[in-house]
Amino acid sequence: MKALLLAGGLGTRLRPLTENMPKPMALVGNRPWLEHLILHYKQQGIDSFVIAVKHYRQIIESYFGDGSKLGVSIDYAVEKDLLGTAGAIKNAEPLLGDRFIVVNADIIHHIDLKSAIRFHDDHDGMVTICLTKVEDPSSYGVVEMGEADRIRSFVEKPKAGEAPSNWVNAGIYIMDRAVLGYIPSGRAVSIEKETFPLLIRNGSGVYGHRMNGYWMDMGTTERYRQLHWDVLDRRFPLPIDGKELDDKGIWLGDNAKIGQGVLLVPPVMIGNNVTIGDRSIIGPYSVVGNGCRIGGGVRMANTILWDRCKIRSGAQLNKCIFGSGTHAGPHILHEAVCNRALEVQRP
Ligand code: GDD
Ligand code: MG
């Protein structure tokens with residue numbers, strides 16, 4: 001079975017990090033999430049992927065190529081204009097088989113695929129929508145369940161207080177090819193607003209498979225930050241590169257140059273080829289990307305740095321997220337989200 005990964009959206013709620021890259025390429029634990037995702041599905045027997053791309057597609061294509069470096073095969077379905085979540089699936093039609101998996105590529109999750117596929121086989125539906133339970137369903141697609149796992153209605157992002165339940169679309173579907181016949185081509189189509197409601201109205205069999213386990217849509221900076229706390233606290237068992245020192249929640253990559261009197265406060269993750277100047281205090285809840293250079297006397301907490309960031313001596317950072325190559329001067333910064341394009345420098 002192939003997996004189609006939807007990775008073409010603009011990622012507006014994660015700007016400025018996504019201003020010059022696709023959201024699913026955001027680093028999580030020092031690797032693009034999309035890579036973790038492909039490896040997780042590969043572990044469960046999926047070795048053939050289609051990635052539906054548009055926004056900064058060349059970043060995805062040049063990172064993964066034909067997939068051979070990860071031991072999988074990858075094809076790309078390219079949209080000229082954004083076609084929406086259903087339009088992107090329709091656009092990939094020539095690359096898809098009789099039955100396939102569709103995944104919103106910005107969803108952080110681990111899934112038991114065998115049980116999801118078994119669920120799909122055990123029901124006579126055209127689509128299985130994987131569901132997860134959340135406290136506030138208003139920013140998701142919400143379902144009302146009927147008898148025998150059938151979905152009675154699907155409402156995308158209902159107004160607060162109007163959600164029919166707390167079970168939401170997890171952004172993972174098992175689909176029969178027949179669904180493609182219900183998606184018009186040549187225009188933008190939303191699977192959530194058009195196709196699912198249409199299939200439900202037609203009685204075509206849309207079933208909900210309740211998942212348990214960790215699930216997070218990384219689409220806002222708050223959730224993106226929270227996701228890192230969950231990784232560092234091991235609430236989400238993402239494989240972490242680097243060695244953990246004495247089981248203490250300090251992960252250290254290769255070739256780190258750590259100055260005198262540096263304090264690494266767990267949980268903290270330091271990538272490869274990182275330099276940290278004397279007497280800096282790094283952590284808790286911090287990630288330092290590969291190749292970062294941090295000056296002396298820096299105080300950094302609750303902060304995520306992607307690759308090759310440069311932090312000058314004396315800077316104090318709290319709850320910041322810096323995209324690859326960001327340079328920050330010796331400021332006191334709280335909740336700053338920047339990327340290279342928005343360099344923070346001494347005035
Ligand atoms: N190729 C392509 N083309 N991909 C797209 C397009 C498009 O036009 N539009 C969105 N995507 C991709 C995004 O890149 C993202 O990975 C995924 O589809 C979902 O888009 P989001 O913009 O993140 O949607 P959302 O989070 O507001 O809502 C969706 O996900 C929720 C789960 O997190 C919906 O599917 C909700 O129903 C669902 O609950
Ligand atoms: Mg999303």
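The values are calculated or read from the model by the stated rules, or taken from the named source; none is laboratory data. Quick caveat, the model's predicted, so the values are computed rather than measured. Backbone-built Cβ (ideal geometry, glycine too); neighbour counts: all protein chains shown.
Which condition number does R234 fail, the rest of (1) under 25 Å from the mean Cα position of the chain (by Cα); (2) surrounded by fewer than 16 Cβ atoms within 10 Å (Cβ to Cβ); (3) of a type outside the set (S, T, N, Q); (4) within 15 Å of ligand 1 (Cβ to nearest atom) being met?
Among (1) under 25 Å from the mean Cα position of the chain (by Cα); (2) surrounded by fewer than 16 Cβ atoms within 10 Å (Cβ to Cβ); (3) of a type outside the set (S, T, N, Q); (4) within 15 Å of ligand 1 (Cβ to nearest atom), R234 violates only (4).
So which residues in the range 269-279 are in contact with a strand residue (DSSP E or B) (Cβ under 8 Å, 6 or more places away or on another chain), part of a loop (DSSP other than H, G, I, E, B) and within 12 Å of K257 (Cβ to Cβ), if there are any at all?
Result: V274, G277.
Report, ordered by the first and then the second residue, all pairs with beta carbons closer than 7 Å, sequence separation of six or more or different chains, a first member in the range 59-81 that is under 17 Å from R31 (Cα atoms), and a second member that is small (G, A, S).
Correct list of pairs: I60/A7; G67/S73.
Do we have L227 as within 16 Å of ligand 1 (Cβ to nearest atom), surrounded by 20 or more Cβ atoms within 10 Å (Cβ to Cβ), within 27 Å of the chain's Cα centre (by Cα) and farther than 16 Å from D307 by Cα here?
For L227, the condition - within 16 Å of ligand 1 (Cβ to nearest atom), surrounded by 20 or more Cβ atoms within 10 Å (Cβ to Cβ), within 27 Å of the chain's Cα centre (by Cα) and farther than 16 Å from D307 by Cα - is met.
With the requirement that a residue be on the phi > 0 side of the Ramachandran plot and more than 14 Å from ligand 1 (Cβ to nearest atom), what does the range 143-181 give you?
If the condition is that a residue be on the phi > 0 side of the Ramachandran plot and more than 14 Å from ligand 1 (Cβ to nearest atom), then A148, D149, G161 are the ones that fit.
Taking the residues in the range 14-49 that are charged (D, E, K, R) and either at pLDDT 95 or above or under 13 Å from the mean Cα position of the chain (by Cα) (or both) as candidates, determine which candidate is farthest from ligand 2 (Cβ to nearest atom).
D47
Based on this model, can you work out whether G71 counts as more than 16 Å from I183 (Cα to Cα) and surrounded by fewer than 17 Cβ atoms within 10 Å (Cβ to Cβ)?
Against the criterion (more than 16 Å from I183 (Cα to Cα) and surrounded by fewer than 17 Cβ atoms within 10 Å (Cβ to Cβ)), G71 qualifies.
What pairs come up if the first residue lies in the range 237-253 and is closer than 18 Å to N272 by Cα, the second is of a type in the set (D, E, K, R) and modelled with pLDDT under 90, and their beta carbons are under 6 Å apart, counting only those six or more places apart or on different chains?
W251/E244; L252/K243
Within the range 186-200, take every residue that is more than 13 Å from ligand 1 (Cβ to nearest atom) and at pLDDT 95 or above and give me the one that is nearest to K2 (Cα to Cα).
Only one residue fits best here, namely L199.
Starting from the range 211-231, take each residue that is in contact (Cβ under 8 Å) with a residue 12 or more places away in the chain and list its partners that are acidic (D, E) and within 15 Å of ligand 1 (Cβ to nearest atom), counting only C-beta distances under 7 angstrom and pairs at least six apart or across chains.
Hits for this filter: D217/D106; M218/D106; G219/D106.
Report every pair of residues separated by at least 6 positions or lying on different chains whose Cβ atoms are under 6 Å apart, first residue within the range 14-43 and in contact (Cβ under 8 Å) with a residue 12 or more places away in the chain and within 20 Å of V287 (Cα to Cα), second charged (D, E, K, R) and within 15 Å of ligand 1 (Cβ to nearest atom).
Filtered contacts from the range 14-43: L14/K23; K23/D106; P24/D106.
So, in the range 280-337, of the ones that are aliphatic (A, V, I, L, M) and closer than 17 Å to A26 by Cβ, which residue ends up surrounded by the fewest Cβ atoms within 10 Å (Cβ to Cβ)?
Out of the qualifying residues, it is A336.
Test I107 against the criterion of being over 22 Å from Y56 (Cα atoms), β-branched (V, I, T) and surrounded by 20 or more Cβ atoms within 10 Å (Cβ to Cβ), and give yes or no.
Here the answer is no, as I107 does not meet what is asked.
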